[in-house]
Amino acid sequence: MRAKRIITDTACHILLAILSFIWVLPIFYVVLTSFREESGSYKSYIWPRGFTLDNYINLFHGNNNVNFSRWFMNTLIIAIFSTLLSAFFVLCVSYVMSRLRFKMRKTFMNIALVLGMFPGFMSMIAVYYILKGLGLLETGVLKQVALVLVYSGGAGLGFYMAKGFFDTIPKTIDEAAYIDGATKWDTFVKITVPLSKPIITYTLITAFMGPWVDYIFAKVIMGNETPYYTIAIGLWTMLEQEYVEYYYTQFYAGCVIISIPIAILFLLTQKCYVEGVSGAVKG
Amino acid sequence: MGIFNKKIQPVYTKPGDAGVSQAFKNGNVMTKLSFFIFGLGNITNRQIVRGLIFLAIEIGYFIYLVSFGIGALGDFITLGTVEQGQVYNEALGIYEYSAGDDSMLCLLYGVITLVLTAAAVFVGCMSGKSAYCTQFRKEKGMSIPSFKDDIRSLTEENLHAFLLAFPIFGILCFTIVPLIFMILIAFTSYDHEHQPPGNLFTWVGLENFKSMFSQGSKLAATFWPVLSWTLIWAVVATVTCYILGLLLALLINRKGTRAKGFWRFMFVLSVAVPQFVTLLSMRTIFNANGPVNVLFREFGMIGATESIPFFTNPLYAKITIICINIWIGVPFTMLSTTGILQNIPGELYEAAKIDGASAPTIFRKITLPYMLFVMTPNLITSFTGNINNFNVIFLLSGGGPDSLDYYYAGKTDLLVTWLYRLTITQKDYNLGAVIGILVFIILATVSLLTYRRTGSYKDEGAFQ
């Protein structure tokens, strides 16, 4: 019996080792290639002949086509603004849906559900023309404003997660505040928000990660204005036919640089996510 | 007992309490007029500011309507009549374009005017209700709220209106108006041959839907294969990721496994890297000259110049994409199932072991039903997510390999990526819109049907 258990345990550990090897291998390959000395795209061998930091250095001293630090700042600015805006929207809507009772509440929630079933970028063309009509596609800076609006405009529809969280905050706390003479607004600002740190962090971080990974909207709105690109379109451009030979290794260096902050943020959210799902104040 | 039988007189203290028809039926002349002259009832009852705001909205709307709106509605019906013309300018010796109507803008302004009209009607109803409420309070001898009270009510009983105003405005501008617009485009002839401002397009009714389903047309010959691949993909991707992720979570969670945190971290790492990075690097890794093919060549499994057509052969491409999707999806499932697995009551397992059940039986009879029960809503979400899984297909294969039998689609194109191609590359906006509507119908049916059949919907306490 004991011997059998040792055998199964070993087998399981070996299996896990093989699997995690498969899962880590591509990531390892990305890191490996980012340090490769030889330029050019595909090689007939895997292990690099030499190692260098030049790919990283060149990223930040690029020419007109590849301006990595500028792209990075663009994305950062867009991300910060759209995060603030969409977190505000999400928190307002989810608080209203969770705590306040009014006539159109159910209708609103059903509409939100239905709207979520349309493919997101089906409306992209229309959004593009609306932005154009508003005059937001004239210059690069305005396009960045447009991108912020696109990322945060419909954010109010994604309230389900935060609403679930607010639902778990006991109503008795609110009622106690009303008795003490607080208005509903006071209760929202002074009681619900401070109690909701996990879900606020979660909302902020997910909203923040959006612009770093979105490709389609950014591409449609930015068009050919290379200096105003976000990271995602920038990296995609590096893989295009005419650039790939030259920028292949730099592409991987860029990927590594982007992945590190996003990965850290993700691992942080993980904790907030679990707390967010499991609810706020117990009892 | 009498107290229970007494009919309770409704008390109308704020505009939302009375229905529109009720307000219109019971209201006096002033109230009735308030439906047409916004704010009248409020102004005559010394609620000057509230009344004036209503009135200002109405005046603003009519100014808009007269200066622009009526023309926009007319254009909306015709979608433009004057085609852009070319006039030969003899003095300069060049062709000059004479400005014509832009059907695209006609449609857009029409939609905006309709939305504004709906908003004006809504404000009109509010005005009438507000007038009725004031009238009611006056008759009952109650105090009439001043403008200050109105402002204060925004932090109290009308807080929802205050908090929802901005988000709803955003949703209206960036989700609802564009969506109405695109749905309408499905009924026009806005394709690559009718591109404004050069050409006009018009209403064609259900023509686009007909050509999408008509026998023998190239569109139908594309639509059905793409649809079936979309459904196959969604089912296979959801099921493989779910089952394999569950098994992985079980493997890590079993009693004998050491260093659980370490194993979890190894898999979570791939989730933490941004998805487009993993997808783009996967694309290069499986490229004809990418490392995987190099590896096969070095081991002598294929010739030195040969390569396995991971993305160029339709069947290989499908298998490759599903495998890569497993690589991406399994850690996600592992993460989300770990917590739930730990919640399965331990007695169930003990009882099964005493009865002599083997590990596969326990998995099939206890773990899987329990997990399915808890996670069906989750599964439906991931299924619909997979139907709309644009990123994986677009960044990996771009829908390719392209097929000549198809109307601008590749063998691995999903409906959404086809939609993308039709609109962005091909500029057949009407067909794109038709596909968008069809995807919506599919998703709505699937979610409604499955969700109503699930255990967690019908019998909430089965596992409690």
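Span-like helices, chain A: DSSP H, alpha-carbon axial extent 30 Å or more, mean Kyte-Doolittle 0.0 or greater, which ones?
Working: long enough: A:2-34 (47 Å, 1.36); A:68-99 (45 Å, 1.41); A:241-278 (50 Å, 0.71).
Span-like helices in chain A: A:2-34, A:68-99, A:241-278.
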Helix-only [θ] at 222 nm, chain B, -39500 (n - 2.57) per DSSP H run of 4+, per residue, nearest 500, equals -20000 deg cm²/dmol
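Report the local net charge at A:HIS13: Lys and Arg +1, Asp and Glu -1, summed over other residues whose C-beta lies under 11 Å from its C-beta.
On the way: positive: B:ARG254, B:ARG258; negative: A:ASP9.
Local net charge: +1.
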If amide H atoms are modeled at 1.01 Å from N in the peptide plane, then the residues at a separation of 5 or more from B:THR188, or on another chain, having amide H under 5 Å from its own are B:VAL204
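Which net charge results for the neighbourhood of B:GLY74, defined as the other residues with beta-carbon distances under 15 angstrom from its beta-carbon, given Lys and Arg at +1 and Asp and Glu at -1?
Neighbour charge sum, excluding B:GLY74 itself: -3.
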Computed on Cα atoms, the radius of gyration and Dmax of region A:35-277 in angstrom are 22.1, 75
Result for interface chain B to chain A, accessible surface buried in total, 1.4 Å probe, Å² to 100, stands at 7200 Å²
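Anything over 21 Å Cα to Cα? Flag those among A:LYS219/B:LYS411; A:LYS143/A:LYS219; A:LYS106/A:LYS163; A:LYS103/A:LYS184; A:LYS171/B:LYS129, in the order listed.
In this structure, A:LYS219/B:LYS411; A:LYS171/B:LYS129 exceed 21 Å between Cα atoms.
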Using the Kirkwood radius over Cα pairs of region B:298-438, the Stokes-Einstein translational diffusion coefficient at 4 °C and 1.567 mPa s, in µm²/s and rounded to a whole number, is 69 µm²/s
Most fluctuating of A:PHE118, A:PHE166, A:PHE251 in the GNM of chain A (C-alpha, under 10 Å) is A:PHE118
The rounded separation in angstrom of the Cα centers of region A:68-130 and region B:340-381 is 37 Å
Relative contact order as a percentage, chain B, C-alpha pairs under 8 Å and 6+ apart, gives 15 percent
Quick calc of log₁₀ I(q)/I(0), region A:88-181, Debye, one scatterer on every Cα, no solvent, q values 0.14, 0.15, 0.17 1/Å, result -0.68, -0.74, -0.86
Treating every alpha carbon of the protein assembly as shown as one equal point scatterer without solvent, the Debye formula yields log10 I(q)/I(0) values at q = 0.09 Å⁻¹ of -1.01
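How shielded is B:262-275 by partner chains, expressed as the average number of their Cβ atoms within 10 Å of its Cβ atoms?
6
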So the angle from the long Cα axis of helix B:314-341 to the longest Cα principal axis of chain B, reported in degrees to the nearest 10, equals 70 degrees
HN-Hα couplings for region B:228-233 via Karplus (6.51, -1.76, 1.60; θ = phi - 60°), in whole Hz with x for Gly/Pro, come out as 5, 5, 4, 5, 4, 4
Computed on Cα atoms, Rg of chain B relative to 2.2 N^0.38 Å comes out at 1.38
Rounded to the nearest 10 Å², the 1.4 Å probe accessible area of A:LYS171 is 90 Å²
Along region A:217-226, Karplus-curve 3J(HN,Hα) (6.51, -1.76, 1.60; θ = phi - 60°) to the nearest Hz, with x for Gly and Pro, reads 4, 4, 5, 4, 7, 6, x, 9, 7, 3
GNM of chain A, Cα pairs under 10 angstrom: of A:CYS12, A:CYS92, A:CYS255, the biggest fluctuation goes to A:CYS12
Test assert for region B:97-122: residues whose accessible surface shrinks by at least 20 Å² between chain alone and all chains, 1.4 Å probe, equal B:MET104, B:LEU108
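Which value in deg cm²/dmol, rounded to the nearest 500, describes the helix-derived mean residue ellipticity at 222 nm for chain A, given -39,500 (n - 2.57) per DSSP H run of n ≥ 4 and division by the residue count?
-23000 deg cm²/dmol
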The size of the Cβ-based charge dipole (Lys, Arg +1; Asp, Glu -1) of region A:35-277 about the Cα centre, to the nearest 20 debye, is 840 debye
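Which three semi-axes in whole Å describe the equivalent ellipsoid of region B:84-194, each the square root of 5 times a Cα gyration tensor eigenvalue, listed largest first?
Values for region B:84-194, descending: 50, 17, 14 Å.
The values are calculated or read from the model by the stated rules, or taken from the named source; none is laboratory data. This structure is a prediction, so every number in the text was calculated from the model and none was measured. Virtual Cβ from ideal backbone geometry, glycine too; neighbours counted across all protein chains shown. The protein model used for the area step is the full one, side chains on, heavy atoms only, and it has no ligands, DNA or RNA in it. Shrake-Rupley method; radii C 1.70, N 1.55, O 1.52, S 1.80 Å.
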